[in-house]
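Asker: Supplied in structure tokens, the structure appears directly below.
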Amino acid sequence: MGHKTWGLGLLMASLSLSAPGWSQNKAPWPDQYPAPATLTEAYKEDGSQQGHYRLTFQLKKSALKPTWDAWLDGFKGWKVEDADTETPNAHSATLIQPSSGQRLHLTLSVVSWEPSSLNGRMEVLPKARPASAFKPPGKCKPIPDRGYSWIMSGFGINQSGEGFNVRSNILHETHTTIDLDGDGVQDKMVPVVKLRGKGRTHCPGDTRWELWVMRGECGHKVGTVVGEHLVWETWKAPFGPGGLKDLTTTTRSEPKRTGPIPVVYTDERTYRYKNGAYREINHERSGGKCHHCPSLSCIGPEKER
């Protein structure tokens with residue numbers, strides 16, 4: 001993925017494929033786009049704008065690099081942007097068809113609990129809308145390039161009563177995200193991490209993220225949110241009165257363990273752009289005891305750049 005989060009991050013992302021908000025209806029692969037490997041159908045979810053949708057799929061007995069290379073080779077004549085093939089267990093890229101302006105975002109990642117399988121996604125992005133109510137605040141500035149890493153580890157018991165260990169590397173870095181203002185260009189998220197002292201960012205779920213709306217090579221900062229993972233409702237959300245989409249993020253947290261069974265919470269926050277910045281308008285927490293979740297601890301953060 002563009003933000004290069006792997007290991008446990010991929011496990012959680014893979015679980016999200018069956019989360020509420022995703023269509024469980026299979027759909028044929030569209031003829032106008034090359035399919036990965038021999039895939040013929042996937043799960044489809046429509047977006048809020050005409051022609052905007054996502055297809056998710058899983059490939060069994062497939063290796064990441066050759067499958068990714070073969071998939072990209074099928075897009076002859078397409079321009080590749082924001083490609084990430086350095087992350088060990090996930091690759092991604094944005095593609096643009098010069099003749100039509102059509103944009104796609106492709107993602108392929110290894111399923112952490114089944115390494116011989118791959119999860120994939122193709123998002124067909126909407127073209128630029130004719131006009132936007134968004135008026136960029138402040139000057140257009142270079143986007144900060146930041147990166148921070150953690151090591152996550154833990155132990156759990158699966159539904160068969162077998163113990164399993166989890167160890168993963170998490171890297172939060174500046175990355176491309178959704179098109180916030182509808183101009184046909186995906187915008188940026190930049191991590192904000194405090195390495196030491198009061199308010200230190202202990203674990204990946206504590207990271208705050210700056211949002212930047214892009215204008216060429218520079219951007220306008222439009223606020224800070226908690227939560228890296230944008231749920232699907234964000235892609236479907238309408239544009240607010242300020243001209244930017246509402247955002248909904250999720251984070252996973254685990255309070256200090258006091259018994260044999262982990263307690264795991266998911267926090268879902270919704271933000272709206274108003275008066276020059278995104279502001280939290282709703283916060284809901286769900287969860288509780290999770291008998292088959294691993295109990296996790298984190299080491300870090302370490303500044304990568």
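Asker: Do you know which of the residues in the range 261-305 that are assigned to a loop (DSSP other than H, G, I, E, B) and in contact (Cβ under 8 Å) with a residue 40 or more places away in the chain is surrounded by the fewest Cβ atoms within 10 Å (Cβ to Cβ)? Spell out how you get there, then give the answer.
Answerer: First pass over the range 261-305, keeping only residues assigned to a loop (DSSP other than H, G, I, E, B): 261-262, 275-276, 290-294, 304-305.
Cutting the leftovers down to in contact (Cβ under 8 Å) with a residue 40 or more places away in the chain gives us 262, 276, 291-294, 304-305.
On the way: P262: 20, G276: 15, H291: 11, H292: 13, C293: 18, P294: 23, E304: 12, R305: 8.
Looking at the filtered set, the residue picked out is R305.
For (1) buried (at least 20 other Cβ atoms within 10 Å of the Cβ); (2) outside the structural domain of L244 (by TED's automatic domain parsing); (3) touching a residue at least 12 places away in the same chain (Cβ under 8 Å), each residue gets a yes or a no:
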{"position": "I96", "(1), (2), (3)": "no, yes, yes"}
{"position": "G101", "(1), (2), (3)": "no, yes, yes"}
{"position": "L104", "(1), (2), (3)": "no, yes, yes"}
{"position": "L108", "(1), (2), (3)": "yes, yes, yes"}
{"position": "S112", "(1), (2), (3)": "yes, yes, yes"}
{"position": "P115", "(1), (2), (3)": "no, yes, no"}
{"position": "N119", "(1), (2), (3)": "yes, yes, yes"}
{"position": "A133", "(1), (2), (3)": "no, yes, yes"}
{"position": "G147", "(1), (2), (3)": "no, no, yes"}
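Asker: Right, next: Among the residues of the range 67-88, write down those that are closer than 19 Å to T176 by Cβ and not aromatic (F, W, Y).
Answerer: Result: L72, K79, V80, E81, D82, A83, D84, T85, E86, T87.
Asker: Of the residues G182, G199, which single one is surrounded by fewer than 19 Cβ atoms within 10 Å (Cβ to Cβ), in a loop (DSSP other than H, G, I, E, B), small (G, A, S) and at positive phi?
Answerer: On the way: G182 fails: surrounded by fewer than 19 Cβ atoms within 10 Å (Cβ to Cβ).
Selected residue: G199, the only one of G182, G199 that is surrounded by fewer than 19 Cβ atoms within 10 Å (Cβ to Cβ), in a loop (DSSP other than H, G, I, E, B), small (G, A, S) and at positive phi.
Asker: Residue by residue through the range 202-225, note down the ones that are in contact with a strand residue (DSSP E or B) (Cβ under 8 Å, 6 or more places away or on another chain), not charged (D, E, K, R) and not in a strand (DSSP E or B).
Answerer: Those that are in contact with a strand residue (DSSP E or B) (Cβ under 8 Å, 6 or more places away or on another chain), not charged (D, E, K, R) and not in a strand (DSSP E or B): H202, C203, P204, G205, T207.
Asker: Looking only at residues that are surrounded by fewer than 17 Cβ atoms within 10 Å (Cβ to Cβ) and touching a strand residue (DSSP E or B) at 6+ places or on another chain (Cβ under 9 Å) in the range 40-50, which one is modelled with the lowest pLDDT? Walk me through how you get there before you give the answer.
Answerer: Step one: filter the range 40-50 for residues surrounded by fewer than 17 Cβ atoms within 10 Å (Cβ to Cβ), giving 40-41, 46, 48, 50.
Cutting the leftovers down to touching a strand residue (DSSP E or B) at 6+ places or on another chain (Cβ under 9 Å) gives us 40-41, 46, 48.
Numbers: T40: 80, E41: 82, D46: 76, S48: 63.
Taking the candidates together, the pick is S48.
Asker: How many residues are part of a strand (DSSP E or B) and either under 16 Å from P204 (Cα atoms) or acidic (D, E) (or both) if we restrict to the range 128-179?
Answerer: Start the filter on the range 128-179 by keeping residues that are part of a strand (DSSP E or B), which leaves 141-142, 147-157, 163-173, 175-176.
Next, from what is left, pick out any that are either under 16 Å from P204 (Cα atoms) or acidic (D, E) (or both): 147-154, 166-173, 175.
Of the residues in that region, 17 qualify.
The values are calculated or read from the model by the stated rules, or taken from the named source; none is laboratory data. Since this is a predicted model, take the numbers as computed values, not measurements. Glycine gets a Cβ as well: all are built from the backbone with ideal geometry, and neighbour counts include every protein chain shown.
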